[in-house]
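Everything below concerns the one structure shown next.
Read-outs throughout are calculated quantities, based only on the coordinates presented, and are distinct from any laboratory measurement. This is a predicted model, so every value here is computed, not measured. As a convention, Cβ positions derive from the backbone with ideal geometry for all residues, glycine included, and neighbour counts pool all protein chains shown.
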Amino acid sequence: MKETDPNIDSEKSALRVNPGIEQPASINNDALRKYKSRKKSVMNADDFVDGVLSGNRVVLSRAITLVESALDAHYRLAQQVIEKCLPHSGQSLRIGITGVPGVGKSSFIETLGLYLTSIGHRVAVLAIDPSSEISKGSILGDKTRMEKLSADPNAFIRPSPSAGTLGGVTRKTRETIILCEAAGFDIILIETVGVGQSETAVHSMVDFFLLLMLAGAGDELQGIKRGIIEMCDGMAINKADGDNMHRATMAQAQLQCALNLFPVHQSGWKPKVELCSALHNTGIEKVWQMVKYHSDTMKNSGFFELKRAKQLSYRMLDTINQALISRFYQNPKIIEMLPKVEQLLNNHQITAYQAAESLLSLYFEKEKSRKAD
């Protein structure tokens with residue numbers, strides 16, 4: 001070992017080893033404490049109901065997530081929450097809004113929502129986001145397109161995946177409406193994916209069905225070929241501003257004449273066509289007046305409650321259909337046989353009708369044997 005030269009001052013030497021600084025801990029204890037304080041606690045049905053009824057947005061969001069969950073345990077808990085919230089619901093005005101992609105549904109909803117909150121209403125927006133048929137995922141980015149409304153304290157925006165359901169409405173939307181109404185929101189706006197799919201699901205859960213149209217995008221009368229117009233309670237031609245104003249006015253006259261060709265609604269209501277511009281915030285008040293007049297007219301005639309009663313029946317039948325489908329595909333025998341039947345079908349050994357008949361026969365035989373036991 002080499003000895004140190006006694007003539008060299010170790011304190012001034014460049015070879016001197018300085019003491020290092022104390023290294024921080026590998027775990028941030030402050031962050032850990034904050035995480036533990038924010039960690040979701042286990043909530044029972046009463047906790048959810050109390051939070052929803054008090055208007056707690058965090059609890060409301062968690063309750064909606066619970067309703068949308070596919071887990072059996074979550075489903076049972078969600079039904080308890082819905083049952084207890086049901087007596088506090090039903091007091092809102094439910095409005096369905098649909099239209100072709102690019103018509104400006106999100107912009108229109110934001111402008112309408114801001115107008116409604118400005119006159120004292122509390123607005124819940126249930127925005128349905130299209131799900132990918134390949135990845136099954138959804139962007140759920142509607143809040144980014146409604147920046148002002150999402151920051152409004154009297155508004156609540158909840159994007160949900162369509163999950164392949166017809167009409168672009170999630171299977172749990174009806175339950176979500178009940179939760180939002182129980183939380184004190186008196187206007188429920190439901191945005192669909194867009195026309196092109198069956199919109200019956202939307203029509204079966206709203207009081208007013210608004211169809212957004214776009215002038216100058218083609219033959220306005222082409223719309224009368226769609227069954228969607230037969231269901232709508234009113235139309236609004238969006239983007240009626242600037243150079244497009246003349247075309248919008250002509251489209252309004254054409255559509256109003258076309259509506260006269262349709263049979264009168266069972267309620268006696270004749271749909272109207274209004275002009276608006278979500279970008280310039282014009283005509284929005286007229287659209288709302290049309291919706292409000294329709295609501296007052298339906299309530300005075302008794303058709304409002306009649307329609308709500310029919311919606312409950314539709315909801316019951318839809319629930320039965322969904323339960324039967326779910327039960328069929330969860331049957332162990334079906335799970336085992338389905339790939340084999342699909343293989344026979346792909347090999348052209350049986351027809352699609354024969355494949356379906358074999359699976360249905362297997363399912364019902366299994367059900368009969370289960371009941372016999």
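The table below gives the values:
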quantity	calculated
For Lys84, Lys172, Lys239, Lys340, order by how many other beta-carbon atoms lie within 10 Å, fewest first	Lys340, Lys84, Lys172, Lys239
Sorted by Cβ density within 10 Å, fewest first, the residues Cys276, Cys257	Cys257, Cys276
Interchain or long-range residues, amide H under 5 Å from Ala127's placed H	Arg158, Ser160, Glu191
Region 313-362 and region 51-76: distance between their alpha carbon centers, rounded to Å	31 Å
Using θ = phi - 60° and Karplus 6.51 cos²θ - 1.76 cosθ + 1.60, couplings along region 307-324 (whole Hz; Gly, Pro as x)	5, 4, 5, 5, 5, 5, 5, 4, 5, 4, 5, 5, 5, 4, 4, 5, 5, 5
Cβ-based net charge around Phe262, under 10 Å, with every Lys or Arg adding one and every Asp or Glu removing one	0
Per-residue Cβ neighbour rank within 10 angstrom, fewest leading, Arg158, Arg122, Arg76, Arg315	Arg76, Arg315, Arg122, Arg158
Label-point gap, in nm, between Leu86 and His280 - each point 7 angstrom along Cα→Cβ	4.9 nm
J(HN,Hα) series, region 279-287, from Karplus relation 6.51 cos²θ - 1.76 cosθ + 1.60, nearest Hz, glycine and proline x	5, 9, 6, 10, x, 5, 5, 5, 4
Karplus (6.51, -1.76, 1.60) ³J(HN,Hα), θ = phi - 60°, over region 291-303, in Hz, Gly and Pro reported as x	5, 5, 5, 4, 4, 5, 5, 5, 5, 5, 8, x, 6
